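**Student:** Sharing a structure here in structure tokens format.
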Amino acid sequence: MQTIRQRRLFKKIEYNILENKLHYKTSYLGGESEGLVAFENLSKEKTTHKATNNIILLMSLFFFMLGGMSFSFRNDKGLDPEMWIAFLLLGIVLFAIYVFVNENSWRIRTYSNGFLFLLKKSPNENTVNEFILKLFTERDKYLREQYLSLDSNLSYETQLNDLKWLRNIEAISNQEFNKYHSDLKLLYAPKIGKIGFDR
């Protein structure tokens, strides 16, 4: 799966996995925005993010309380006996909005101090999880192809730094790092006359 489309209230989000980056586009009332996140800038740090609007909840509770008070005093002179119905309806509408705008998302960190947000259940939980797995797989594949080639024409330090970076961003495991580091030392041993390199 290379594309996922998500909808929430008046907002549509589309993510597309490209060859070396992730493209996203958000459409909302009044406009749209889009951007790109290079795979080099995409972490595999995925955390749960819940967004709620407590102001709407408080307003809803306030109208429920007014509705209850109006119902209790509906027979008093000078008060509209049907006022409690209006307050109750307002409370219900606001509570429905509160429930609808709550977002339960996956938050993926980027190395530019930003985040990507994918709704956990839009269009469904399985589709979202598959898309994220595909995104991380394509990211690792691209980074390994670009930065995990041992070449005696490149400097030892540059290649060692690439290996360390790939390990730090979880594109390769510690075991893979150790293997490639050993291979790198062997590659340069004939030139230097020894195998003892510092990490």
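**Student:** Taking the stretch 115-126 only, how many residues are touching a Lys or Arg at 6+ places or on another chain (Cβ under 9 Å) and either surrounded by fewer than 17 Cβ atoms within 10 Å (Cβ to Cβ) or of a type outside the set (S, T, N, Q) (or both)?
**Tutor:** 6
**Student:** Output yes when any residue across the stretch 140-147 is open to solvent by 80 Å² or more (accessible area, probe 1.4 Å), assigned to a helix (DSSP H, G or I), farther than 22 Å from ALA51 by Cβ and touching a helix residue (DSSP H, G or I) at 6+ places or on another chain (Cβ under 7 Å), and no when none is.
**Tutor:** Scanning the stretch 140-147 turns up no residue that is open to solvent by 80 Å² or more (accessible area, probe 1.4 Å), assigned to a helix (DSSP H, G or I), farther than 22 Å from ALA51 by Cβ and touching a helix residue (DSSP H, G or I) at 6+ places or on another chain (Cβ under 7 Å).
**Student:** Which ones in the stretch 11-23 are modelled with pLDDT of 95 or more and assigned to a strand (DSSP E or B)?
**Tutor:** Scanning the stretch 11-23 gives GLU14, TYR15, ASN16, ILE17, LYS21, LEU22, HIS23.
**Student:** Which one of PHE73, PHE64, PHE10, PHE95 is more than 30 Å from GLN146 (Cα to Cα), over 16 Å from the mean Cα position of the chain (by Cα) and loosely packed, with under 12 Cβ neighbours inside 10 Å?
**Tutor:** Of PHE73, PHE64, PHE10, PHE95, the one residue that is more than 30 Å from GLN146 (Cα to Cα), over 16 Å from the mean Cα position of the chain (by Cα) and loosely packed, with under 12 Cβ neighbours inside 10 Å is PHE10.
**Student:** May I ask you to list the residues in the stretch 36-61 that are open to solvent by less than 40 Å² (accessible area, probe 1.4 Å), farther than 18 Å from TRP106 by Cβ and not aliphatic (A, V, I, L, M)?
**Tutor:** Correct list: SER60 only.
**Student:** Scanning the stretch 148-176 for residues that are open to solvent by 30 Å² or more (accessible area, probe 1.4 Å) and among the hydroxyl-bearing types (Ser, Thr, Tyr), which turns out farthest from LEU42 (Cα to Cα)?
**Tutor:** Residue satisfying both the conditions and the ranking: SER152.
The values are calculated or read from the model by the stated rules, or taken from the named source; none is laboratory data. Only a predicted model underlies this, so the values are computations on that prediction, with no experimental measurement involved. For neighbour counting, all protein chains shown are included, and Cβ atoms are generated from backbone atoms with ideal geometry for every residue, glycine included. Accessible surface is based on the protein model in full, side chains and every heavy atom, while ligands, DNA and RNA are left aside. Shrake-Rupley method; radii C 1.70, N 1.55, O 1.52, S 1.80 Å.
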